[in-house]
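*Asks:* Got a structure for you, questions after.
The values are calculated or read from the model by the stated rules, or taken from the named source; none is laboratory data. What you see is a predicted model, and the numbers here were worked out from it, not measured in a lab. Heads up, the Cβs are rebuilt from the backbone with ideal geometry, glycines too, and the neighbour counts pull from every protein chain shown. Surface accessibility is based on the protein's heavy atoms, side chains included, excluding ligands, DNA and RNA. Shrake-Rupley method; radii C 1.70, N 1.55, O 1.52, S 1.80 Å.
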Amino acid sequence: PGLYTTAYAESGATVVGVDMSGRSLDYARAGSERLGLGIEYVQANYLDLDIPQQFDFISMIYFDFCALSPSQRSNLLGQVGRVLKPDGVMFFDVLSLEPFTGLLEGNRFVSHPDGGFWSPEPHFELHSSYVYADESVGLGKHTIVEDQGVRVIYNWLQYFSPESLSAELEEGGFCICEQFGNVAGDEADPRNEGFAVTIRRM
């Protein structure tokens, strides 16, 4: 919805925002126009983005990196390497191993007679949790049963230690410049839900 792009533009930056959701972009554009910020918004999958500009700074917020498969993360780093200026940095956050240690496998069946997150219509939800300890990966499988039929949503999440993230980034040609406890810039703490980093090309 343009929360970060608006803040960047208000600080004086020239900003391009990318999102797959047309509705989110409509909301963001309306805010940009109302404030006279002139932010450029592009509806696209950032994994397939063909954009000519190069940037001083790229950000990806709220653990989006963790929802990507290893090959998608590699693809993303290739895209970033292509559009990031030689002295530019990328800023993003990841989930830490602290919450991963508390993940439990199991099933939960919930009735939503008034609708809910997955559907505005009455529905049932079977939430199944899976833990892949060797890969530090968690899966939330949501089976949604409603009048229109049955849908299944898979929510995969990769969890990182600073060391495992650094190793993956090095394979993609990047190194970590700084590490923070979160995107607000607080001090890093291994007990936090996640951590944030700035990276640059090696």
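*Asks:* For segment 111-136, name all the residues that are farther than 30 Å from PRO70 by Cβ and open to solvent by 60 Å² or more (accessible area, probe 1.4 Å).
*Replies:* Passing the criteria: SER111, PRO113, ASP114, PRO120, GLU121, PRO122, PHE124.
*Asks:* Moving to a separate point now. For segment 137-152, which residues satisfy the criterion of being of a type in the set (D, E, K, R), in a strand (DSSP E or B) and farther than 22 Å from CYS66 by Cβ?
*Replies:* GLU146, ARG151, listed by residue number.
*Asks:* Within segment 2-50, can you find the residues that are under 27 Å from GLU178 (Cα atoms) and aliphatic (A, V, I, L, M)?
*Replies:* LEU3, ALA7, ALA9, ALA13, VAL15, VAL16, VAL18, LEU47, LEU49
*Asks:* Then there's this: Among the numbered conditions (1) farther than 16 Å from THR198 by Cβ; (2) surrounded by 13 or more Cβ atoms within 10 Å (Cβ to Cβ); (3) at pLDDT 95 or above, tell me where GLY88 comes up short.
*Replies:* It is condition (1) that GLY88 fails.
*Asks:* For segment 95-107, state whether one or more residues are open to solvent by 20 Å² or more (accessible area, probe 1.4 Å), at pLDDT 95 or above, within 24 Å of LEU3 (Cβ to Cβ) and assigned to a strand (DSSP E or B).
*Replies:* no
*Asks:* Quick one: in segment 7-22, which of the residues that are part of a helix (DSSP H, G or I) and of a type outside the set (Gly, Ala, Ser) is surrounded by the most Cβ atoms within 10 Å (Cβ to Cβ)?
*Replies:* Ranking the qualifying residues of segment 7-22, first place goes to TYR8.
*Asks:* Go through TYR4, TYR27, TYR62 for me and flag whichever is assigned to a loop (DSSP other than H, G, I, E, B), of a type outside the set (S, T, N, Q) and surrounded by fewer than 19 Cβ atoms within 10 Å (Cβ to Cβ).
*Replies:* Step by step, each of TYR4, TYR27, TYR62 is checked, and only TYR62 is assigned to a loop (DSSP other than H, G, I, E, B), of a type outside the set (S, T, N, Q) and surrounded by fewer than 19 Cβ atoms within 10 Å (Cβ to Cβ).
*Asks:* Give me a count of the residues in segment 1-29 that are touching a helix residue (DSSP H, G or I) at 6+ places or on another chain (Cβ under 7 Å) and closer than 18 Å to VAL83 by Cβ.
*Replies:* So the answer is 5.
*Asks:* I want to confirm something. Restricting to segment 33-48 and keeping residues that are of a type in the set (A, V, I, L, M, F, W, C) and under 21 Å from the mean Cα position of the chain (by Cα), which single residue is nearest to MET20 (Cα to Cα)?
*Replies:* Checking each candidate, the answer is ALA44.
*Asks:* Separate question: Quick one: count up the residues across segment 116-131 that are assigned to a loop (DSSP other than H, G, I, E, B) and either under 24 Å from the mean Cα position of the chain (by Cα) or free of Cβ contacts under 8 Å to residues at least 24 places away in the same chain (or both).
*Replies:* Result for segment 116-131: 5.
*Asks:* Just checking, how many residues over segment 30-54 are under 15 Å from VAL83 (Cα atoms), open to solvent by 30 Å² or more (accessible area, probe 1.4 Å) and part of a helix (DSSP H, G or I)?
*Replies:* Selection size over segment 30-54: 2.
*Asks:* For residues that are among the polar types (S, T, N, Q) and open to solvent by 40 Å² or more (accessible area, probe 1.4 Å), scanning just segment 148-202, find the one that is farthest from GLY102 (Cα to Cα).
*Replies:* Only one residue tops the list, namely GLN148.
*Asks:* Within the bounds of segment 49-69, is there any residue that is under 17 Å from the mean Cα position of the chain (by Cα), more than 23 Å from GLN158 (Cβ to Cβ) and of a type in the set (Gly, Ala, Ser)?
*Replies:* Among the residues of segment 49-69, not one is under 17 Å from the mean Cα position of the chain (by Cα), more than 23 Å from GLN158 (Cβ to Cβ) and of a type in the set (Gly, Ala, Ser), which makes the answer no.
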